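The values are calculated or read from the model by the stated rules, or taken from the named source; none is laboratory data. Keep in mind that this is a model prediction, so the values were computed, not measured. Positions of Cβ are generated from backbone atoms using ideal geometry, with glycine treated the same way; all protein chains shown enter the neighbour counts. The area values use the complete protein model at the heavy-atom level, side chains included, leaving out ligands, DNA and RNA. Shrake-Rupley method; radii C 1.70, N 1.55, O 1.52, S 1.80 Å.
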Amino acid sequence: MSNIAQIIVNIPTRSITKPFSYLIPAHLSFAAIGWRVLVPFGNRKIEGFIVGLEADNIPGLKSILDVLDDFPWFDNNMLETAKWLSNYYLCSLAEAMRLFIPGQSGIKTQKAYQIPQALDWEYTKALLSNKSQEYLILLAYINEHGPVTLTDLAKRFTSIAGMIKFCLQHKLIVTADTVSKRGKANSTMLIKLAVSREIAAQIEKALPKSKTAQRRLLKALLSTQELNTVELRSLAITQATVKKLAEQGLITICSVPVFRNSYAGAQSLATELTLTSEQRQALQHIIPAINTGAYTSFLIHGVTGSGKTQVYIQAAAEARRLDRQAIVLVPEIALTSQIVARFRTAFGDDVVVMHSKLSVGERYDAWRRLHAGQAGIVIGARSALFAPVSRLGLIIIDEEHEFTYKQEETPRYHAREVAAVRAKLAGATVLLGSATPAIETYYHALQGKHKLLPLNKRVDDIPMPAVTIVDMRQELAQGRRSVISLPLQTMLTEILARKEQAIILLNRRGYSTFVLCRECGHVLKCGHCDISLVYHAPTSILRCHYCQERHAVPDVCPECGSRYIRYFGAGTQKVEEALNGLFPLARIVRMDQDTTRGKLAHDKILAAFAAGSYDILLGTQMVAKGHDIPNVTAVGIISADTALNLPDFRAAEKTFALLTQAAGRAGRGSKPGRVVMQTYNPEHYAITAGAEHNYQEFYQQELSFRQQLGYPPYANLIKITVQANDETIVHRQANQAAAELTQSLAMAGAAIIGPFPAAVNKVKDIFRVNILIKTKDLPTITKQISTMSIANQKNIIIDIDPVNVL
Ligand code: ADP
Ligand code: ZN
Ligand code: ZN
């Protein structure tokens with residue numbers, strides 16, 4: 001019998017990599033691999049995960065204090081996935097396992113104080129003789145109630161901080177943490193009869209007339225079997241009455257968990273569809289794969305409006321028919337209420353939605369429902385991948401090319417990679433879907449890693465929208481300086497006259513994107529970040545979009561004192577102003593980070609626009625995604641080049657995907673769609689291919705560019721970022737790291753690029769310098785890096801397969 005557990009303690013650090021041994025006490029002998037437990041660690045109590053068991057006799061081991069669930073949280077596949085993550089992304093096992101825990105930790109620790117065991121009260125009184133009475137009252141309180149938290153003490157005592165400091169210094173109190181479980185299940189009371197109906201009926205009759213409440217309760221139970229809190233309230237029955245009958249042994253009170261549902265607002269769309277022939281063909285491949293119970297991965301390459309969601313739904317239905325569970329990933333849950341609504345319509349309460357605005361408690365409920373098999377489908381952003389589904393049969397990744405599938409903090413995983421691992425372990429099917437697959441994904445599909453399923457036509461043979469490219473240099477040459485070109489203006493005039501709707505995209509918020517002194521050329525920058533400040537018109541304030549700092553607009557140039565300060569670069573606010581000027585009668589709504597702060601604000605704006613309350617929806621990339629509004633016949637792209645000019649090898653890919661997405665919003669109903677793309681780079685292949693909806697053309701050009709430079713998919717990248725608040729130190733350390741890398745990796749055939757300062761080389765007063773490693777043998781190189789000193793330095797970030805190389 002194993003009596004010792006190997007436990008990974010849930011502390012997010014790279015330096016603790018090994019499990020610790022703890023004794024399993026007899027009363028917790030059921031605790032096995034995968035259980036979450038509470039363990040003593042130093043002088044704290046923390047959460048731990050059991051990853052191994054052994055039978056041994058090691059003296060002096062500490063014991064597990066408690067279990068945190070009534071089932072093992074991790075099944076074997078979850079555990080294996082976590083191990084893979086920690087190996088591949090060079091993070092600790094604890095960091096990987098935390099991903100599977102709602103809120104990253106199952107417990108909440110609060111600092112608390114108690115009286116030390118051997119406190120000499122006489123000595124204490126003497127010590128406090130010249131202090132206020134409050135001190136002794138405080139100590140007496142702690143003595144009686146300890147351990148007590150600071151929050152609790154602060155409610156009862158004024159100037160508590162000073163007293164605590166003194167008492168700690170003189171060892172009159174010691175710290176002791178209190179630990180509470182997070183995300184406790186919400187429960188509701190359920191009342192049942194504890195005696196037979198006959199006896200209950202007799203007792204009810206025998207009760208004196210004055211006991212009306214007790215009689216009412218018994219009568220109600222005789223007619224309905226059980227009553228919950230709400231029903232009790234409607235019968236005007238108090239807790240006291242319930243308690244009295246329970247004490248007499250006539251009723252039992254049980255507590256049953258209730259599950260919170262905070263996405264009740266999503267509207268439902270009832271649809272009965274006959275599949276298109278392309279949808280049918282795709283499913284003819286997918287359905288048998290789900291049935292084999294072996295891993296298969298598909299790439300559904302479907303143009304915008306080709307009906308990918310319907311294919312997802314049918315695939316999920318098949319998985320459910322086989323009693324297997326499905327994980328559906330979307331790039332950003334706030335922008336995808338339509339897909340949620342469609343799944344809800346098809347599967348009702350079998351769907352659990354993981355919204356980033358759920359509380360930890362709500363998350364915990366959702367995951368317990370999935371674990372218990374009370375729900376079969378989870379929809380969410382990348383973190384939904386870690387849901388505790390034990391019968392996984394299908395993982396769907398919608399818009400698989402989106403960069404939000406990469407986590408930009410440790411563990412820096414990519415959902416697509418992790419999905420493949422989880423699916424392989426579970427014998428599940430993966431469906432990747434996109435109109436503009438990532439270059440890597442498409443390349444891998446052509447190589448056979450994913451089966452390629454094309455959906456080349458829109459549903460009902462609706463034509464793709466016609467795109468006009470407007471060369472903004474020509475506009476300028478003809479003396480037009482507005483952010484709205486003549487062709488865009490003409491298109492909007494026409495569709496407004498027909499009571500149709502338009503979407504205008506500009507991927508920059510604010511009014512002016514930079515402010516410059518015409519005298520000396522000085523650009524106003526944030527004091528903490530190496531980036532220009534953005535002018536926001538409604539408040540007449542300069543804002544840093546990196547650290548959110550605000551500055552008043554200076555009257556004179558801080559460099560040369562000139563008054564000649566001018567505003568350049570258009571943001572969404574400026575476009576809004578221009579549209580209002582051109583179309584004073586049009587109803588315009590702006591959607592960007594500045595207008596969507598509240599809960600589900602996106603949904604509200606989109607719903608109002610879809611309902612026809614507005615004529616023009618204007619905003620950043622969030623206007624381009626996911627929705628399907630039949631009356632939208634025009635899309636205007638103010639600056640197709642916003643992302644194109646960034647020094648990022650994925651700039652073209654990003655641009656092409658965004659243009660395609662945005663254009664894809666137009667003409668999805670019975671009326672044809674039109675798109676105007678404004679650009680200063682009309683010859684660039686991302687723009688020309690985007691205008692022609694020609695993915696193949698874009699892919700070929702982009703692939704040859706990647707091949708020339710040896711970038712993914714022809715090699716893997718690793719990005720090493722050194723960061724510190726001192727510029728000299730950062731550079732010195734980066735140079736050392738680069739030298740160390742060159743020396744140890746040269747033999748393994750890796751190319752080291754850099755060090756070079758990050759594109760925004762200072763953010764919030766932290767300087768960042770990058771080193772890029774290109775390799776065709778990622779496993780060997782990561783393994784080698786894991787043994788180097790840079791792998792354990794706190795201020796060095798290692799990013800495997802970075803999506804952002806700036
Ligand atoms: P995509 O995600 O590929 O852009 P959607 O899944 O949003 O496309 O589908 C586009 C539109 O076509 C939606 O309004 C959807 O309800 C509708 N649709 C999908 N499949 C069918 C079908 N087989 N018959 C009729 N309409 C369909
Ligand atoms: Zn100046
Ligand atoms: Zn800043």
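Miscellaneous remarks
- Restricted to segment 46-69, and to residues there that are among the hydrophobic types (A, V, I, L, M, F, W, C) and either exposed (fewer than 12 other Cβ atoms within 10 Å of the Cβ) or over 27 Å from residue 113 (Cβ atoms) (or both), the residue that is nearest to the chain's Cα centre (by Cα) is 49.
- Within this structure, residue 592 fails the test of being at pLDDT below 90 and within 16 Å of ligand 2 (Cβ to nearest atom).
- Per the conditions (1) surrounded by fewer than 15 Cβ atoms within 10 Å (Cβ to Cβ); (2) modelled with pLDDT under 95, the sole criterion not satisfied by residue 507 is (1).
- Residues in segment 391-430 that are part of a helix (DSSP H, G or I) and open to solvent by 30 Å² or more (accessible area, probe 1.4 Å): 6 in all.
- Residues satisfying the stated conditions in segment 512-549, i.e. farther than 17 Å from residue 594 by Cβ and either within 16 Å of ligand 1 (Cβ to nearest atom) or touching a residue at least 60 places away in the same chain (Cβ under 8 Å) (or both): 528, 529, 530, 531
- Taking the numbered list (1) within 16 Å of ligand 3 (Cβ to nearest atom); (2) surrounded by fewer than 15 Cβ atoms within 10 Å (Cβ to Cβ); (3) at pLDDT 90 or above in turn, residue 478 passes all entries but (1).
- Extreme residue, surrounded by the fewest Cβ atoms within 10 Å (Cβ to Cβ), among residues of segment 771-801 that are touching a Lys or Arg at 6+ places or on another chain (Cβ under 7 Å) and at pLDDT below 95: 792
- Condition check for residue 640 on (1) open to solvent by less than 10 Å² (accessible area, probe 1.4 Å); (2) in contact with an Asp or Glu (Cβ under 9 Å, 6 or more places away or on another chain); (3) of a type in the set (A, V, I, L, M, F, W, C): one failure, at (2).
- Scanning segment 47-60 for residues that are at pLDDT below 90 and of a type in the set (A, V, I, L, M, F, W, C) turns up 55, 58.
- Unmet requirement for residue 631, which otherwise passes all of (1) modelled with pLDDT of 85 or more; (2) under 23 Å from residue 689 (Cβ atoms); (3) surrounded by fewer than 21 Cβ atoms within 10 Å (Cβ to Cβ): (2)
- Listed by first and then second residue, the pairs with beta-carbon distance under 7 Å, at least 6 apart or on different chains, first residue in segment 19-45 and over 19 Å from residue 98 (Cα atoms) and open to solvent by less than 30 Å² (accessible area, probe 1.4 Å), second of a type in the set (Gly, Ala, Ser) and not in a strand (DSSP E or B), are 24/31.
- Options 311, 340: the member that is more than 11 Å from ligand 1 (Cβ to nearest atom), within 29 Å of residue 456 (Cβ to Cβ) and surrounded by 20 or more Cβ atoms within 10 Å (Cβ to Cβ): 340
- Filter result (open to solvent by 20 Å² or more (accessible area, probe 1.4 Å) and closer than 11 Å to residue 719 by Cβ) within segment 757-770: 768
- Scan of segment 363-390 for residues that are in a helix (DSSP H, G or I) and under 15 Å from the mean Cα position of the chain (by Cα), ordered by number: 363, 382, 383, 384, 385, 386
- Whether a residue is within 19 Å of residue 591 (Cα to Cα) and small (Gly, Ala, Ser) was assessed, and residue 670 does not pass this test.
- Matching entry among 575, 623, 553 (being aliphatic (A, V, I, L, M), within 16 Å of ligand 2 (Cβ to nearest atom) and open to solvent by less than 70 Å² (accessible area, probe 1.4 Å)): 553
- Qualifying residue in segment 514-523 (condition: within 16 Å of ligand 3 (Cβ to nearest atom), surrounded by 15 or more Cβ atoms within 10 Å (Cβ to Cβ), in a loop (DSSP other than H, G, I, E, B) and among the charged types (D, E, K, R)): no
- Some residue of segment 162-172 being open to solvent by 40 Å² or more (accessible area, probe 1.4 Å), of a type in the set (S, T, N, Q), assigned to a helix (DSSP H, G or I) and touching a residue at least 24 places away in the same chain (Cβ under 8 Å): no
- Candidate set: segment 524-541, residues that are of a type in the set (Val, Ile, Thr) and more than 11 Å from residue 567 (Cβ to Cβ); chosen: the one farthest from ligand 3 (Cβ to nearest atom): 539
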